[in-house]
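Data first, discussion second: the structure below is written as structure tokens.
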Amino acid sequence: MQAVVLESTRFGQLEIPAEAALEFPNGLIGLGGTRYALLARSDESAFMWLHSLEDPALAIPVTVPWRFFPDYEVELSDDEAERLGVTDPADTQVYVTVRAAEALEDFTANLRAPILVADGRGFQIINQSKNAPVRCPLFQPGMNPGSEEQAA
């Protein structure tokens with residue numbers, strides 16, 4: 001498998017291993033394209049970029065929700081899980097999109113529409129949990145951004 005060369009307007013030229021490319025058969029809500037890759041500075045990074053492999057200007061920040069919300073739950077109907085091919089939740093990575101702002105206390109995460117990734121395929125779903133707002137604050141005023149504390 002050959003690497004994918006991405007000419008990102010945000011990060012310059014990047015070489016993405018072919019196995020790191022993710023296919024979103026149904027796309028992402030409000031965005032174009034179906035091929036993306038997750039980019040992170042390191043495995044410990046709190047935030048990553050979900051970067052389009054088709055649009056060099058399209059990259060959205062994402063995070064693993066449990067890093068900020070330890071009690072977060074994704075509720076998915078059995079029919080939806082079957083349609084997506086999610087057979088074992090342990091084999092599925094979950095990300096939420098992040099809305100960045102000038103002040104840390106204005107950063108929010110979309111807990112209502114998480115992104116599920118398994119076996120090179122990704123799906124953005126509507127979380128059926130009642131405790132999954134569209135804009136949930138990531139940081140409380142005065143919170144250390146490097147901490148693992150929950151920002152309620």
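Please go through region 130-152 and give me each residue that is modelled with pLDDT of 90 or more and surrounded by 15 or more Cβ atoms within 10 Å (Cβ to Cβ), ordered by number.
Selection gives Ala132, Cys136, Pro137, Leu138.
Could you list, in sequence order, all residues of region 15-25 that are surrounded by fewer than 17 Cβ atoms within 10 Å (Cβ to Cβ) and either free of Cβ contacts under 8 Å to residues at least 60 places away in the same chain or more than 26 Å from Arg67 (Cβ to Cβ) (or both)?
Selection gives Glu15, Pro17, Ala18, Ala20, Pro25.
Collect the residues in region 26-48 that are in contact (Cβ under 8 Å) with a residue 12 or more places away in the chain and hydrophobic (A, V, I, L, M, F, W, C), keeping them in residue-number order.
Answer for region 26-48, where residues must be in contact (Cβ under 8 Å) with a residue 12 or more places away in the chain and hydrophobic (A, V, I, L, M, F, W, C): Leu28, Ile29, Leu31, Ala37, Leu38, Leu39, Ala46, Phe47, Met48.
Inside region 44-127, counting only strands (runs of 3 or more DSSP E) that do not spill past its ends, which hold 3 or more residues that are farther than 30 Å from Val5 by Cα and modelled with pLDDT of 95 or more?
Filter on region 44-127 gives an empty set.
Considering each of Ala46, Ala20 in turn, give the residue that is in contact with a Pro (Cβ under 9 Å, 6 or more places away or on another chain) and aliphatic (A, V, I, L, M).
Answer to the selection: Ala46.
The values are calculated or read from the model by the stated rules, or taken from the named source; none is laboratory data. Computed from a predicted structure; not experimentally measured. Please note: Cβ atoms are built from the backbone with ideal geometry, for glycine as well, and neighbour counts cover all protein chains shown.
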